[in-house]
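Have a look at the structure below before the remarks.
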Amino acid sequence: MAAKYKRVLAILLLLLLVAQMVYMGQKNRPKEEEEELVIEHPLLIWYTDPDIQNYMEASAKEASERYQVEIRAELVSEVDYIEKINEASVKEQMEGPDLYVTSSALLEKATLAGLTCPVTDAGLFTSYSEKAIQAVTYDGSAVARPFYIETCFMLYNCYYVDPDHVPDSIDGILTYAEEFEADEVTEKVENIFKWNVADVIDNYMFLGAYTNLGGTSGDDKSQVSLDLARIEECMAYYQSLNSFFAIDADTVTSEEVIRDFIDGKTVFTIVNVPMLAELDRAVAAGDIPEYVKERTIVNESGEEETVTAEYEPFYRVTQLPSLTEELDTRGLSVTNSVVVNPYSKNVDAAQACARYLTKERASKLYEESGKLAACQSPLKAEEEPKGLFSYQSLYDRLLGDSEPSQGAGSTDEYAAVYEAYEQAAELPKIMELSNVWLQLEVVLADIWRGADAGEELSKFSELLNAQLD
């Protein structure tokens, strides 16, 4: 009987050994063998953002070597982008791109022009958050792959603000300003709170909590509404901030805002992802001031003592503050995506290339372009009890053994950016709303300068309704 058990055990061990050998063979198989592309013509990718040029060119080169096919990435003008794709695609000899990069705002136009393909593979729903998927969904179907995200969030300088006591409202920031006293640590400070009041994306937070622009997927015209009473309260508060912070809407720029923060001149600021990337580059290059890391305080016993504080990096990312206890805020987000052109003669190859751009090589996106990949956002809550993965965890889950490329900030800071993205309202896809943003930017700037908030909002509401009629 013992001999029989030994034979069974030997067989089981042999089977386990064979299974392990098969597994290791699959794991160590070169990536180039995982998928073979067969194409009739070289693959052409169009994009309009010059900031991603390095990433796109490097990706095209590496994908060409990986799949042994010719892939070209071409930077084109954003003017009449969808129209140009359509015009080039319907020619007798198709001259349009096989795939192209576009923002979520253009997906309705692209879909109605017949320039999108449904994305049905299961990987879409395991690699991206529900928010990112909704951003590329039109009329109930995903029509693109999420690529990189844009949104706004707050930064603060840890040497000026105790990370355990960060104000969660602008009222709280005003209290901080009233209690602020310059000392040897804060002597560089020139601005308590500064942001680009001329940028509609940054300013949208002041009305975003009481605005609905098309529902969850941003494609439903019946769900466009403004709570004018609440928004008018928010705008009155927004206007009052000019007397506290005196930011000139005619001269302020995002470059100036982030430079002041890098130089230690600003305590709190509202920024976007490209501004964060500029900050991280400055930190990595050591292009930041020295801070006094020791200070003398009076403790609870009334005795003087020396305390030491050092922060790496010197900043932290946090969510957009509310205005007051009664008035909330909500930011705006844009999800850029990669779309496969159904006119392509290489649709399957284009789909593989789109996956490569948006997921398989995404760990290099931030380093090469200053963009945060959409596939790094939180996966579904049921798959991760904590709700948010760290950067490293996400790269491990999504990209296997490839090395993550990070900025100078900690993984917590990037997780906070993704959380801000998840909470933001996505730029709507509704074509009739495509030109209201310039008008809203003017309205917000005028209110900041002192125009009557009620009158300006009433005119904007009328314009919005006229656009949808």
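List of remarks:
- Annotation: Ser458 carries an accessible surface of approximately 50 Å², with a 1.4 Å probe and no ligand, DNA or RNA atoms counted.
- Accessible surface, per residue, of region 417-469 when the full set of protein chains is kept, probe 1.4 Å, Å²: 45
- Spatially proximal aspartates and glutamates relative to Lys459 (Cα-Cα < 15 Å; intrachain offsets below 8 disregarded): Asp227, Glu232, Glu441, Asp446
- Segment Ala182-Leu463, extension gain: residue separation times 0.36 nm, minus the distance between their alpha carbons: 96.5 nm
- Solvent-accessible area per residue in region 313-355 equals 32 Å², computed with a 1.4 angstrom probe and all protein chains kept.
- Just the protein heavy atoms count here, and of the accessible area of region 88-187 at 1.4 Å, carbon and sulfur take up 46 percent.
- Span from the region 174-211 Cα centroid across to the region 93-113 one, whole angstrom: 39
- Surface per residue (accessible, 1.4 Å probe) for region 35-109, Å²: 50
- Using only side-chain charges placed at the Cβ, +1 for Lys and Arg and -1 for Asp and Glu, the dipole size of region 86-147 relative to its Cα centre rounds to 200 debye.
- Ligands, DNA and RNA left out, the 1.4 Å accessible surface of region 407-466 is 48% carbon and sulfur atoms.
- At full extension, Glu455 and His41 could sit 143.4 nm farther apart than now, given 0.36 nm per residue minus the alpha carbon distance.
The values are calculated or read from the model by the stated rules, or taken from the named source; none is laboratory data. Worth saying up front: this structure is predicted, and the values here are computed from it rather than measured. Using ideal geometry, Cβ is built from the backbone for each residue, glycine included, and neighbour counts are taken over all protein chains shown. Each accessible area value is taken on the protein alone, full model and side chains, heavy atoms only, with ligands, DNA and RNA left out. Shrake-Rupley method; radii C 1.70, N 1.55, O 1.52, S 1.80 Å.
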